[in-house]
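*Asks:* Sharing a structure, written as structure tokens. Questions coming.
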Amino acid sequence: MKKICPFCKNENIDFEPFGFEFEILSKLKVVGGGKRDNARCPICFSMDRERLVYLYLKNFTNIFTDSLSVLHVAPEKRLRDKIRTNEKLNYITADLQKKFVDMNFNLCNIPFENNTFDIIICNHVLEHIIDDKKAMKEIFRILKPFGIAILQVPFSNLLEKTYEDNTIVSKEQRELHFGQNDHVRIYGKDYPNKLTKIGFEVEKFIWQEHQQLINEDYSLLMDEPIFIAKRNK
């Protein structure tokens, strides 16, 4: 199968390793965390998790064709540039501090009215937020009825319950316990249930289940699902 990057379209490239090698990540087999052998495109520098979200959006949503309101939190450059090709969108990028976005705000206090966005993309952000429940509630609040939020996090199938400890505050201890100095938890198998308690209906999208689309090797993380949180009322 031909290797190709869906962003830059370069073919037969050797994707590069990327990620941290902390013991906790390998011990818990954290999906979406730790060092991955074929994570980064050497040409455009797209990451495996960025390519996964893009392929889902391209093949299973109307984000590239319709007039929608979209919020993209901590936007990845390649994905951001692709989404911006749809000039019909009301597309807003946001981050806590970074300067290359449209707005800076805290996810626990989002400055938008209820029912504002059709799609929210929040890729590997919640693991950084101490009060993730409040952030989830805010995302639910600003999502329109029948809208979707893509809420990716690193998680371990070996953990029945999310591992977190708010007394762990130093960078060194967070690296040891959570695998990154700005992470405050490792999600477990209870992650979808956390979203359900907020009011979302959660689906897991598995790229490998759509064989009709798998004609090329995009160097995706094989065991990473997309967590699609839907607001159905």
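*Asks:* When the Karplus curve 6.51 cos²θ - 1.76 cosθ + 1.60 is applied with θ = phi - 60°, which whole-Hz ³J(HN,Hα) does each residue of the stretch 212-222 get, with x for Gly and Pro?
*Replies:* Couplings: 5, 9, 8, 9, 9, 9, 9, 6, 9, 6, 4 Hz.
*Asks:* Quote the charge dipole size of the stretch 126-233 about the Cα centre in Debye, to the nearest 20; the model charges only the Cβ of Lys and Arg (+1) and of Asp and Glu (-1).
*Replies:* Numbers: 16 positive and 18 negative charges, 164 e Å.
Around 780 debye, computed over the stretch 126-233.
*Asks:* Another question, if that's okay. Residue farthest toward the positive end of the dipole of the chain, with Cβ of Lys/Arg at +1 and Asp/Glu at -1: which of Met222, Pro192, Asn38?
*Replies:* Going by the Cα projections, it comes out as Pro192.
*Asks:* Counting only DSSP beta bridges with both residues in the chain, what percent are antiparallel, rounded to the nearest 5?
*Replies:* Counting only bridges with both partners in the chain, antiparallel ones make up about 45 percent.
*Asks:* In debye, nearest 20, what is the charge dipole magnitude of the chain about its Cα centre with +1 on Lys and Arg Cβ and -1 on Asp and Glu Cβ, if you could check?
*Replies:* Details: 35 positive and 34 negative charges, 103 e Å.
Taking the Cα centre of the chain as origin, the dipole is about 500 debye.
*Asks:* log₁₀ I(q)/I(0) of the chain at q = 0.07, 0.10, 0.16 Å⁻¹, via Debye over equal Cα point scatterers, no solvent, to two decimals?
*Replies:* -0.22, -0.46, -1.26
*Asks:* To the nearest 20 debye, what is the magnitude of the charge dipole of the stretch 53-112 about its Cα centre, counting +1 on the Cβ of each Lys and Arg and -1 on the Cβ of each Asp and Glu? Spell out each step's value before the answer.
*Replies:* Numbers: 9 positive and 6 negative charges, 42 e Å.
Using Cβ point charges on Lys, Arg, Asp and Glu, the stretch 53-112 gives about 200 debye.
*Asks:* Contact order normalised by length for the stretch 57-189, with contacts defined as Cα pairs under 8 Å and 6 or more residues apart; what percent is it?
*Replies:* Reported relative contact order: 20 percent.
*Asks:* Another question, if that's okay. Mean residue ellipticity at 222 nm from the helices of the chain, using -39,500 (n - 2.57) per DSSP H segment of n ≥ 4 over the full residue count, to the nearest 500 deg cm²/dmol? It would help to have the intermediate numbers written out before the result.
*Replies:* Numbers: 6 runs with 52 residues, N = 233.
My calculation for the chain gives -6000 deg cm²/dmol from helical runs alone.
*Asks:* Given a 1.4 Å probe, how much area per residue of the stretch 98-187 is accessible, in Å²?
*Replies:* Per-residue value: 49 Å².
The values are calculated or read from the model by the stated rules, or taken from the named source; none is laboratory data. Keep in mind that this is a model prediction, so the values were computed, not measured. Neighbour counts run over all protein chains shown; Cβ positions are idealised from the backbone, glycine included. Surface accessibility is based on the protein's heavy atoms, side chains included, excluding ligands, DNA and RNA. Shrake-Rupley method; radii C 1.70, N 1.55, O 1.52, S 1.80 Å.
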